[in-house]
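Worksheet: the structure to be examined is printed underneath.
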Amino acid sequence: MDNCLFCKIVAKQIPSTVVYEDDDLLAFKDIHPHAPVHLLVIPKVHVSTLSECDASHTPILGKMLALAPKLAAEHGCAVSYDADGKPQGGYKTLINSGPDGGQEVYHLHLHLVGGPRPWRVQG
Ligand code: AMP
Ligand code: ZN
């Protein structure tokens with residue numbers, strides 16, 4: 001897509017802080033982080049929004065979601081358990097879709113938001 005911000009990031013025409021890359025996916029730091037860890041996971045191919053996905057997108061959506069716990073662990077916000085078995089740490093995974101869903105960039109992306117609270121945006 002000629003005029004897509006995230007396609008330009010994939011093409012390295014716009015700089016970003018890349019934290020993961022393979023043949024299908026790119027992950028980079030969000031430029032306006034809401035929390036100590038705020039990463040975006042995107043497919044390299046242009047998909048505008050989750051609402052355009054169907055069963056043919058299952059493999060790429062699965063890869064995006066499966067990458068989240070690996071990145072969370074690498075960035076220090078995996079869920080772990082203390083000696084009493086109480087969970088600690090953690091993160092959110094979020095896909096905004098369409099105007100009412102708060103989507104601003106129309107290239108599918110999964111937010112990974114985590115780290116110690118407080119965060120800039122609660123919830
Ligand atoms: P959304 O509202 O779900 O479409 O999220 C778009 C996200 O892209 C926002 O969190 C922005 O901060 C982020 N963003 C916009 N431009 C850039 C950029 N050049 N590099 C990294 N993140 C960006
Ligand atoms: Zn794109």
Practice item. Please find, among THR93, THR49, THR58, the residue that is in contact with a Leu (Cβ under 7 Å, 6 or more places away or on another chain), farther than 22 Å from ASP2 by Cβ, β-branched (Val, Ile, Thr) and modelled with pLDDT of 95 or more. Key: THR93
Point to revise | Residue among ALA35, ALA27, ALA83, ALA73 that is touching a Lys or Arg at 6+ places or on another chain (Cβ under 9 Å) and within 27 Å of ARG117 (Cα to Cα) | key: ALA35
Exercise for review: Scan region 2-60 residue by residue and report those that are within 15 Å of ligand 1 (Cβ to nearest atom), open to solvent by 20 Å² or more (accessible area, probe 1.4 Å) and among the aliphatic types (A, V, I, L, M).
Suggested key: LEU5, VAL10, ALA11, ILE14, VAL18, VAL19, ILE31, LEU50
Practice item. Scan region 75-85 and give yes if some residue there is of a type in the set (Gly, Ala, Ser) and within 16 Å of ligand 2 (Cβ to nearest atom), otherwise no. Key: no
Exercise for review: Please name all residue pairs, on different chains or six or more residues apart, with Cβ atoms under 8 Å, provided the first residue is in region 43-61 and is part of a helix (DSSP H, G or I) and of a type outside the set (A, V, I, L, M) and the second residue is open to solvent by 30 Å² or more (accessible area, probe 1.4 Å) and within 16 Å of ligand 1 (Cβ to nearest atom).
Suggested key: SER51/SER97
Practice item. Among the candidates GLY114, GLY85, GLY89, GLY98, single out the residue that is small (Gly, Ala, Ser) and either touching a His at 6+ places or on another chain (Cβ under 7 Å) or within 13 Å of ligand 1 (Cβ to nearest atom) (or both). Key: GLY98
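The values are calculated or read from the model by the stated rules, or taken from the named source; none is laboratory data. Keep in mind that this is a model prediction, so the values were computed, not measured. Reconstructed Cβ throughout: ideal geometry from the backbone, glycine too, with neighbour counts over all protein chains shown. The area values use the complete protein model at the heavy-atom level, side chains included, leaving out ligands, DNA and RNA. Shrake-Rupley method; radii C 1.70, N 1.55, O 1.52, S 1.80 Å.
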